[in-house]
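A.B. asks: Could you have a look at this structure, given as structure tokens, before my questions?
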Amino acid sequence: MPGKVAIVAVAQNAGAESKDNFYDQAYVVTKEVLDKVGLNRDDLGTIVSASSDIYHGGISCANSYYWETTGGFLKNASRQDGESLFAFFYGVMRILTGYYDSALIIALCKGSENPENDACTLMYTDPFYTRGIGLQETMAAAFQMRLYMERYGITEEQCAKVAVKNLGNSLGNPYAHRKGRYTVEDILYSERIIDPLTAMQVAPKSEGIVAVLLASEEKAKELTDKPVWFKGYGSSLDNYYLGDRDLLDGQLKNAAARAYKMAGISDPRKEIDLAEITEPYAFQELMWYEDLGFCPKGEGGRLLDSGVTQKNGDLPVNPSGGVLANNPYVSRGLQRVVEATLQLRGEAGERQVDREVRTALAHGTHGFAGQCHAVAILGS
Amino acid sequence: MAKEFKTIKTEIRLPYELAYGATWTRFFEGMENEIIYGTKCSKCGRVLVPARSFCPRCFVDTDEWVETAQEGVLTAWSYVNYKYFGQPIEPPFIGALIRLDGTDVDFLHLIGGFDLSDFDLVRKTVKNGMRVKAAWSNERKGHILDLKYFEPV
């Protein structure tokens, strides 16, 4: 890489429904992240935001409504629709041009205001064919879950255990929307909305304005004594039509391989100390373990059972509670970067893991059954 | 239940008019005539269904049209038992992927033709790998649900 890029500050708001409006919330979070390092709006180099018109209720067009809340007006700045980890990488690239010494990445989603996620993801379908069948993200995930269990002998109990772990972890996360001590039975006997998925294995819809402030190496030294370094990134997108894809052989392993190559990682299980991943459906955390190279194919359930991915394990996954605990749909990928950063800096409070964290992974996914994946590697 | 704070309820309704294009037009003419059309890629030889104008993998035109079999194997399914906004079909219903005989991708559609009200019975009846065949509506109008569903053979 031509230079180094650091995360110098992060900020986020709480996921539960609030009475604040979208516009003011975005300003508060932007102000907070800039104030943390004493950066003035005028000195901010560039901004990349992530949002989605489907989720933010058709208030104006793209970023035009909220633009000044991000400090973006009159600046050379942009907006990404959908997965916010993409916006993170665009910000990194802007710094690497050498023309900007700081970049604000901000993802905006206020889930309490939008219709249920399934109504929004129904709009991801094409109006000719798949919308007529009523396909949405949860239906696609239910197809994938049954196939995964049948192919590899994964049990419903193992899938439910992911929710038990993550909702337990989120008890320590003041920003999390859903939290609590549950049993496997609580999860399995929640409403059977779309077999084999039950309601508590499906992520909620949450609020999330999430900000990450990036800086060049030189500027980072000026702004913080605890920089977190960008090490690598990869993404991959599969075919649009679900029937063209192998739902058990998706694109995460490609995205991860690209990120690992950029970061110089050859043995992810040993070299990664912590992962914050996007698991909108409980069983997907097990599949993603495999695709990220944390265990062999089909052994995600066994890895969870071994305790390795628990908060006090050797490779903690989602100590924040992950997306099952907090799901601001568009912002959830960038929120994984925020949580990984807090862990690398030792600033995660009650959710700080026991082990030392020097290299962390953040993962985002959008679309049906993981059509699109992005992976970022960060290091202290 | 009323919220403790003031909110405004709003919705967006905008009329769009989208072109089917040549490939969907012919595919849906097929639906009207109880035909499921696919197209074959001359490079990899795969039969893609529904029909489309190019092979995403080889990135070449697929101009050979194929009438696919009306029977195949169930490859994935889920029992949908809740309501969501915009849902085109009353729950409960079964969304499914079906590999039609002689084709190389899965076709998204529905499973039906039996009592769906008893979920335990459904779980006993519907299995990945089972043979299914197309059941057509008597009133067809060039829509994906001209094909009512696939039923167990």
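A.B. asks: Length gain on complete extension for the stretch residue A:305 to residue A:4, per 0.36 nm per residue less the alpha carbon to alpha carbon distance?
C.D. replies: 104.5 nm
A.B. asks: Among the aspartates and glutamates, which have Cα under 20 Å from the Cα of residue A:19 when same-chain residues fewer than 8 positions away are ignored?
C.D. replies: A:32, A:113, A:116, A:207, B:4, B:11
A.B. asks: Only Cα pairs within less than 10 Å get springs; with that Gaussian network setup on chain A, which residue of A:207, A:113, A:276 has the largest fluctuation?
C.D. replies: A:113
A.B. asks: State the answer as a single residue: which of A:14, B:126, B:137 lies farthest towards the positive end of the charge dipole of the protein assembly as shown, with beta carbon charges of +1 for Lys and Arg and -1 for Asp and Glu, about the Cα centre.
C.D. replies: The residue sitting farthest along the positive end of the dipole is A:14.
A.B. asks: Then there's this: Could you point to the residue in B:55, B:14, A:180 farthest towards the positive end of the protein assembly as shown's charge dipole, with +1 and -1 charges on the Cβ of Lys/Arg and Asp/Glu respectively?
C.D. replies: A:180
A.B. asks: Helix-derived [θ] at 222 nm for chain B: sum -39500 (n - 2.57) over DSSP H runs of at least 4, divide by residue count, nearest 500?
C.D. replies: -3500 deg cm²/dmol
A.B. asks: May I pose another question? Given the C-alpha centroids of segment A:1-80 and segment B:3-32, what is the distance between them in whole angstrom?
C.D. replies: So the separation of the two Cα centres works out to 31 Å.
A.B. asks: When Cβ neighbours within 10 Å are restricted to other protein chains, what is their mean count per residue of peptide B:115-128?
C.D. replies: 1
A.B. asks: For B:79-92, what's the mean count of beta carbons from other chains sitting within 10 Å of each residue's beta carbon?
C.D. replies: 6
A.B. asks: Starting from the 7 Å offset along Cα-to-Cβ, what nm value, one decimal, do you get for the label separation of residue A:222 and residue A:99?
C.D. replies: 1.9
A.B. asks: Given only helices, namely DSSP H runs of n ≥ 4 each adding -39500 (n - 2.57), what is the per-residue ellipticity at 222 nm of chain A, to the nearest 500 deg cm²/dmol?
C.D. replies: -10000 deg cm²/dmol
A.B. asks: Could you tell me which of rounded, prolate or oblate describes segment A:246-320, using a ≥ b ≥ c as the square roots of the eigenvalues of the alpha-carbon gyration tensor, with rounded for a/c under 1.5 and, failing that, prolate when a/b is larger than b/c and oblate otherwise?
C.D. replies: Judged from the Cα gyration tensor, segment A:246-320 comes out oblate (a/c at least 1.5, b/c at or above a/b).
A.B. asks: Hey, another quick one. Using unit Cβ charges (K, R positive; D, E negative) and no other charged atoms, how large, in debye to the nearest 20, is the dipole of segment B:14-131 about its Cα centre?
C.D. replies: I would put it at about 520 debye.
A.B. asks: Give the angle, between 0 and 90 degrees and rounded to the nearest 10, that separates the Cα long axis of helix A:22-36 from the longest principal axis of the Cα atoms of chain A.
C.D. replies: Computed tilt is about 60 degrees.
A.B. asks: Here is a further query. Please build a GNM for chain B, connecting alpha carbons under 10 Å apart, and tell me which residue among B:85, B:93, B:59 fluctuates the most.
C.D. replies: B:85
A.B. asks: Just tell me which lysines come within less than 21 Å, Cα to Cα, of residue A:231; anything on the same chain fewer than 8 places away is out.
C.D. replies: The qualifying lysines are A:4, A:219, A:221, A:253, A:261, A:270.
A.B. asks: Most fluctuating residue of B:86, B:113, B:142 in a GNM of chain B with Cα springs under 10 Å: which is it?
C.D. replies: Maximum among the listed residues: B:86.
A.B. asks: Could you sort B:42-53, A:5-16 so that the peptide with the highest average Cβ count within 10 Å comes first and the rest follow in order?
C.D. replies: Packing order, densest peptide first, comes out as A:5-16, B:42-53.
A.B. asks: Under 1.5 on a/c is rounded, so check that first for segment B:21-152, then, if it is not, pick prolate when a/b is larger than b/c and oblate when it is not; a ≥ b ≥ c are the square roots of the alpha carbon gyration tensor eigenvalues.
C.D. replies: prolate
A.B. asks: How do A:245-254, B:12-21 rank on mean C-beta neighbours within 10 Å, highest first?
C.D. replies: Listed from highest to lowest mean packing, they are A:245-254, B:12-21.
A.B. asks: Taking the alpha-carbon centroid of each part, what is the distance from segment A:296-363 to segment B:64-80 in angstrom?
C.D. replies: Cα centres, segment A:296-363 to segment B:64-80: 39 Å.
A.B. asks: Sticking with this one: Among the lysines in chain B, how many pairs, 8 or more places apart or on different chains, have alpha carbons under 21 Å apart?
C.D. replies: Within chain B, the lysine pair count is 6.
A.B. asks: Could you check the simple spin-label distance between residue B:131 and residue A:78, using points 7 Å along Cα→Cβ, in nm with one decimal?
C.D. replies: Taking the two extended label points, one gets 5.4 nm.
A.B. asks: Taking the Cβ of each residue in A:258, A:269 as the centre, tally the other Cβ atoms inside 10 Å and list the residues starting with the fewest.
C.D. replies: Least crowded to most crowded, the residues run A:269, A:258.
A.B. asks: About the Cα centre of segment A:1-108, what is the dipole size in debye to 20, counting +1 per Lys and Arg Cβ and -1 per Asp and Glu Cβ, all else neutral?
C.D. replies: 280
A.B. asks: Can you give the mean number of other chain Cβ atoms that lie within 10 Å of the Cβ atoms in peptide A:125-138?
C.D. replies: 5
A.B. asks: Assuming 0.36 nm per residue, please report the length gained on full extension of the stretch residue B:34 to residue B:22 beyond their Cα-Cα distance.
C.D. replies: Stretched out fully, the residue B:34 to residue B:22 stretch lengthens by 2.5 nm.
A.B. asks: Between segment B:110-132 and segment A:102-135, what's the alpha-carbon centroid distance in Å?
C.D. replies: With segment B:110-132 and segment A:102-135 each reduced to a Cα centre, they are spaced 30 Å.
A.B. asks: What is the fewest-to-most order of A:36, A:297 by other Cβ atoms lying within 10 Å of their Cβ?
C.D. replies: Lowest count first: A:297, A:36.
A.B. asks: Could you size up the charge dipole of the protein assembly as shown around its Cα centre, putting +1 on the beta carbon of Lys and Arg and -1 on that of Asp and Glu, and report it in debye to the nearest 20?
C.D. replies: Here the size comes out at about 700 debye.
A.B. asks: Also: Starting with the highest mean, order A:38-49, A:326-337, A:80-91 by the number of other Cβ atoms within 10 Å, averaged over the residues of each peptide.
C.D. replies: A:326-337, A:80-91, A:38-49
A.B. asks: Can you tell me the length gained on complete extension of the stretch residue A:191 to residue A:312, counting 0.36 nm per residue apart and subtracting the Cα distance?
C.D. replies: 40.5 nm
A.B. asks: Right, something else. Tilt of helix B:21-32 relative to the longest C-alpha principal axis of chain B, in degrees (0 to 90, nearest 10)?
C.D. replies: So the helix axis and the longest Cα principal axis differ by about 80 degrees.
A.B. asks: HN-Hα J couplings of segment A:217-223 from phi, Karplus 6.51/-1.76/1.60, θ = phi - 60°, integer Hz, Gly and Pro as x?
C.D. replies: Karplus values, whole Hz, x for Gly and Pro: 4, 5, 5, 4, 4, 6, 8.
A.B. asks: Defining a contact as two alpha carbons under 8 Å apart and six or more residues distant in sequence, what relative contact order in percent does chain A show?
C.D. replies: Computed value for chain A: 24 percent relative contact order.
A.B. asks: For a quick check: sort A:177, B:143 by the number of other beta carbons within 10 angstrom, fewest at the front.
C.D. replies: Lowest to highest Cβ neighbour count: B:143, A:177.
A.B. asks: Right, here's the next one. For residue A:161, list the lysines whose Cα falls under 20 Å from its own Cα; do not include residues on the same chain fewer than 8 positions away.
C.D. replies: A:179, A:297, A:311
Readers should treat all values here as calculations from the given coordinates under stated rules, not as data from a laboratory. What you are looking at is a predicted structure, and each value in this text was computed from that prediction instead of being measured. Neighbour counts are summed over all protein chains in view; Cβ atoms, including those assigned to glycine, are modelled from backbone coordinates with ideal geometry.
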